[in-house]
Amino acid sequence: MGCSGNNATPPGPATAPGLDSGDLATIVNRVVARQGGVVDSRMPDLVPGFDAPFFQAGLAGYSDPAMRLIARQLGCPFCVTEALLDRTLLAGGRGFAKADLGDIAENVPGGDDDHPLAGQIMGSDPSEMAAAAIKMIEQGTRRDREYRAMVGAGSDGATKRRSDEEQAAVEFVPEGRGFATIDVNLACPVKKIARKARGGHWLAEPEGAIRILEAVREAVPAETPTTVKMRRSFDDTNAMRDAFYRIFDAAYDMGYAWVTVHGRTVEQKYVGPSRWDLLREIAQRKHPGRARERLVFGSGDVWTVGDIFRMLDYTGMHAASVARGCIGNPWVFRQARQLLAGEVPTAPTLEEQRRVLEAHFTLALAVNQRMRHPEQHTARVMRKFAIRFAAHHPEGEAVRRRMIEVAGIHDWTQVLDTWYAPTGAPTQ
Ligand SMILES: Cc1cc2nc3c(=O)[nH]c(=O)nc-3n(C[C@H](O)[C@H](O)[C@H](O)COP(=O)(O)O)c2cc1C
């Protein structure tokens, strides 16, 4: 089931004793004052265009180019792909594409508008992770066997990847159109394979995690930021808390630009509250020898626009990762922009909902064209979104029941014509 959260608990509040749940405008002003602007200036310096303190998380099975493009149209400044297994990448998708996590085609930038984008990788072996990172950076423009030959080849990442001149000569990715960052997943709770750690399981094996981080940092060109996604710990023991901090500190020492911390343990998977009180502790950790505090992002229990700013205010994190809270609710990004502009956030009208529902299906169909049954596949994916989209409709339950039966674009359009008529009233 990959990184997915099928066992997730329904939306609930994070653990945050003393949280200010009062006036949002005051909270937003406090966040902006602390950061010295709408966003910490290091973020757009590292990633041009990352101009607001929130982003769309990697969400296996959801965050494909279609979901990302819709989020961006509504104000999301930065997105992360779902976790791609190093072996999937190195196999060129063959054999592994369906076996585990994301599919490669869903994790390349979805056209000129799908930027800036973090490409997320996850795996068990440092040299495979390094080769996978190089393939991401080069967007797979060499033959697959060349990337596979890098695995265990002995030389370091810098000698394996193309020089800047060689890369420029390939001319496959226009300037600024590749991945803005490479993100290493040390968070996914999916089980070990063949007793090898990957994702969040590395948090219990800090030495191995650090070897992976070193290999990836070395493989990626110095001008491309690398980042890490972590859980707050493997479990709630002191030993695992220490292991978390060893990896966390090592990442910054190696030059990783930021770490995104999900406030649940690996053991917790997606069940129970995210611990914002512990995220606050992590954000406040001093970085010896550095004048400025570290750039650190928070994840977990961001369900509404209010949660974005409450998390930032309470924890001191620099950006909030919006995950399950934006499935079927891309308007959360528009609302966040409205709050930053001093406006009152508005709920989507039925007309706006219709426009987004139509656009999302059309984009998803385009993304899935290479599938054997593109329309059926798209309908299956869109049914998962539909349940959440329907929640915005005044007759949500009836709309939901109809949407989960959708088998193709014709059905989808019919639901929209019936329930999202331009007059704003259901026409049934
Ligand atoms: C279905 C699903 C898939 C996920 N896939 C990924 C992934 O591929 N990469 C990643 O970094 N996190 C992944 N996550 C974790 C989320 O990005 C996020 O950290 C987590 O859901 C906590 O935030 P929330 O409580 O606000 O949803 C996934 C979560 C869910 C529910």
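Heavy-atom accessible surface of the chain, averaged per residue, reaches 41 Å², computed with a 1.4 Å probe.
As a calculated quantity, the FRET efficiency between Arg290 and Arg34 at R0 = 25 Å, using C-beta atoms, amounts to about 0.85.
At a Cβ-Cβ separation cutoff of 4.7 angstrom, cysteine residues of the chain with no neighbouring cysteine are Cys76, Cys79, Cys326. Pairs over the 28 Å Cα-Cα cut-off, from the set Lys160/Lys191; Lys135/Lys229; Lys229/Lys384: Lys160/Lys191.
As a check on your grasp of the helix formula, calculate [θ] at 222 nm for the chain: sum -39500 (n - 2.57) over DSSP H runs of n ≥ 4, divide by the residue count, round to the nearest 500.
On the way: 17 runs with 176 residues, N = 428.
Per the formula, -12000 deg cm²/dmol.
Work out the FRET efficiency for Ala194 and Asp242 from their Cβ-Cβ distance, taking R0 = 22 Å, and round it to the nearest 0.05. List each step's numbers first, then the result.
Values: r = 27 Å, r/R0 = 1.24.
The calculated FRET efficiency here is 0.20.
With charges only on Cβ, +1 for K and R and -1 for D and E, what is the dipole size of the chain about its Cα centre, in debye, rounded to 20? Please report the intermediate quantities before stating the final value.
Details: 53 positive and 53 negative charges, 200 e Å.
Computed charge dipole of the chain: roughly 960 debye.
In the range 5-49, the portion of solvent-accessible area held by carbon and sulfur atoms comes to 59 percent [1.4 Å probe, whole percent, DNA, RNA and ligands not counted].
Computed from the C-beta positions of Asp20 and Glu205, the FRET efficiency with R₀ = 30 Å rounds to 0.20. The slack between Glu281 and Asp113, meaning 0.36 nm per residue of separation minus the straight C-alpha distance, is 56.8 nm.
Provide Rg over Rh for the chain; use the alpha carbon set for both Rg and the Kirkwood Rh (inverse mean inverse pair distance). All intermediate terms of the calculation are to be shown ahead of the outcome.
Values: Rg = 21.1 Å, Rh = 22.1 Å.
Reported Rg/Rh (Cα atoms, Kirkwood Rh): 0.96.
With a 10 Å radius around each residue's Cβ, average the other Cβ atoms per peptide and rank 182-193, 115-126, 229-240, highest first. Intermediate results must be reported in sequence, preceding the final value.
Numbers: 182-193: 22.7, 115-126: 24.8, 229-240: 19.7.
So the peptides 182-193, 115-126, 229-240, ranked by packing, come out 115-126, 182-193, 229-240.
The values are calculated or read from the model by the stated rules, or taken from the named source; none is laboratory data. Predicted model only: the values in this text are computed from it and were never measured. Ideal geometry is used to build each Cβ from the backbone, glycine not excepted, and the neighbour counts take in all protein chains shown. Note: areas computed on protein heavy atoms with side chains; ligands, DNA, RNA excluded. Shrake-Rupley method; radii C 1.70, N 1.55, O 1.52, S 1.80 Å.
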